[in-house]
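Note sheet for the following structure.
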Amino acid sequence: MKPVRRELKPIEVIVAEVLEEVERKRLSLRLTMERYFSDNPDLYPVKGVIRAFSLAVLRNFRLLDTIIKCVFDLQADRLSPFMRNLLRAVVYEIVFRDIKSNRIKALTKYFKGQLNITYKDFRILRGLEIREVLKGYGGLERLAVRYSQPLWVVKYLVKILGEDETIKLLKRFNEPATLWIRVNTLKISTEGLLKRLRGRGLSVVRDDVFFDTLKIEKVRSALSRLPEYKERLFYIQDKASILVGHIVSPEANQLILDACAAPGSKTTHLAQLSALRARIIATDISLSRLLFLKKYSKEAGFDNIDIFVADARAYRSPVKFDKILVDPDCSSLGILGHSPEVRLWIKESYIKTYADIQYSILRNVLEMVKRNGLIVYSTCTFTVEENECNVKRLLEEFGNEVELVEHEPFIGRRGLLGFRQMQRLYPHVHDTIGFTISVLKKIK
């Protein structure tokens, strides 16, 4: 007897279910999709489509909500998470993809009895001009709606970049993020992996700065399904994050602390760059994420990493380190394009909260680095409070013990507030996620 095959849900409904989970639990889209498709393996063939569609809705959520208010006189934030995201998905399809009428008719049944939106109502969206929707908005509020960002984020970016460059950045945030991978050169050469991936039909090019970095220009399916990924021949990691490992530049016999290590992209890169000859101590406050690091390290062959659960604000080591990497949680303004779900819950108050935590970590690890040792401090955000101001505060409090120094590789722009030794990377300029990096040297 053949198994009964269940009817495939409309793509829009699947997207709504995924985004409902993202909203309710404030989880990343990546993790939510992993869980969703693990529970629904028969839907795996459409995973790539669902991911692309979900990203498109997230990158336009505020504009879609504005359209919903203008056309249907509905406040999206008053709807249930599922209904809100289903309506966003359908509106996106009609306005930006011009889907066929019979598909719209089939989807209207999901709104009966709840919103009572009919096929005729949806037809109004045909040929809708975005400029008409934005007519009631001016200045920075117009930019915030058009590019679906919190208004405070737009104001902040204009303050540090100016309006013209902010528009370029906002546009880049709403385009597909560039996909970078780091080659596990302990298992395969960069050229060897390049040939294997091209042999599978991927469009891949070597990075012109880092020997262990490849740029994926075209992919047919999820990279995590490739045999090369399962063999741990590469790690999916942004070029800005890869840059950090090269700045730390671990050497044989050095003792290095990665104070905020999980999930481990930079930790494993440090192990790799040292050819397993440096000893890496990886600490993090999250046990679950450290377990992933432990599992991955074993599978990838990184046996020079010792892993401990610890709060970097209070961790004390009986020995001092040659180098310490501090890459703490932050306000995440640099990944608003790569991970647009962050836009749904990010608040301006997070800046001070994270800045205080970050400074506590910097202050603590300063006691654990050797004289002439280095602290590499990096964040995936643009705020001066979490970067330049934290460095300034540390120099003011411990100026006789530490100094801000130049570093290499330097591929970004100079820091703000006169901190030219710091570097900043921007998606619209450097084709990476947003990052800010500083290097501090212990002088006493």
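Going through (1) basic (Lys, Arg); (2) touching a residue at least 24 places away in the same chain (Cβ under 8 Å); (3) over 14 Å from Cys330 (Cβ atoms) one by one, Arg420 falls short only on (2).
Note on the stretch 194-224: residues that are more than 25 Å from Ala275 (Cβ to Cβ), over 20 Å from the mean Cα position of the chain (by Cα) and basic (Lys, Arg) amount to 3. From the list Leu143, Leu87, the lone residue that is surrounded by 14 or more Cβ atoms within 10 Å (Cβ to Cβ) and within 23 Å of the chain's Cα centre (by Cα) is Leu143.
What residue, of Lys215, Lys187, is within 26 Å of Pro45 (Cα to Cα) and either at pLDDT 95 or above or crowded, with 18+ Cβ neighbours inside 10 Å (or both)? Matching residue, one of Lys215, Lys187: Lys215. Annotation: of all residues in the stretch 218-263 being within 30 Å of Tyr315 (Cβ to Cβ) and of a type in the set (Asp, Glu), the one that is surrounded by the most Cβ atoms within 10 Å (Cβ to Cβ) is Asp258. State which residue is farthest from Lys370 (Cα to Cα) when the search covers only the stretch 396-410 and only residues that are touching a residue at least 40 places away in the same chain (Cβ under 8 Å) and surrounded by fewer than 16 Cβ atoms within 10 Å (Cβ to Cβ). Taking the candidates together, the pick is Pro409. Consider the stretch 368-424 and keep the residues that are assigned to a loop (DSSP other than H, G, I, E, B) and polar (S, T, N, Q). The one that is nearest to Gly337 (Cα to Cα) is Thr381. Filtering the stretch 128-147 for residues that are modelled with pLDDT of 95 or more, of a type outside the set (A, V, I, L, M, F, W, C) and closer than 30 Å to Lys266 by Cα leaves an empty set. Within the stretch 323-352, restricting attention to residues that are more than 18 Å from the chain's Cα centre (by Cα) and either within 22 Å of Gln423 (Cα to Cα) or β-branched (Val, Ile, Thr) (or both), the residue that is surrounded by the fewest Cβ atoms within 10 Å (Cβ to Cβ) is Lys352.
Please specify each residue of the stretch 306-346 satisfying the condition of being without any contact (Cβ under 8 Å) to a residue 40 or more places away in the chain and either part of a strand (DSSP E or B) or among the basic types (Lys, Arg) (or both). The answer is Asp306, Phe308, Val309.
The residues listed here are Leu58, Leu43; of these, the one that is of a type outside the set (D, E, K, R) and crowded, with 20+ Cβ neighbours inside 10 Å is Leu58.
Evaluating Leu19 against the criteria (1) surrounded by 14 or more Cβ atoms within 10 Å (Cβ to Cβ); (2) within 23 Å of Ala144 (Cβ to Cβ); (3) out of contact with any helix residue (DSSP H, G or I) (no Cβ under 6 Å at 6 or more places or on another chain) leaves one unmet condition, (3).
The values are calculated or read from the model by the stated rules, or taken from the named source; none is laboratory data. Values in this document were obtained by computation on a predicted structure and should not be read as measured data. Ideal geometry is used to build each Cβ from the backbone, glycine not excepted, and the neighbour counts take in all protein chains shown.
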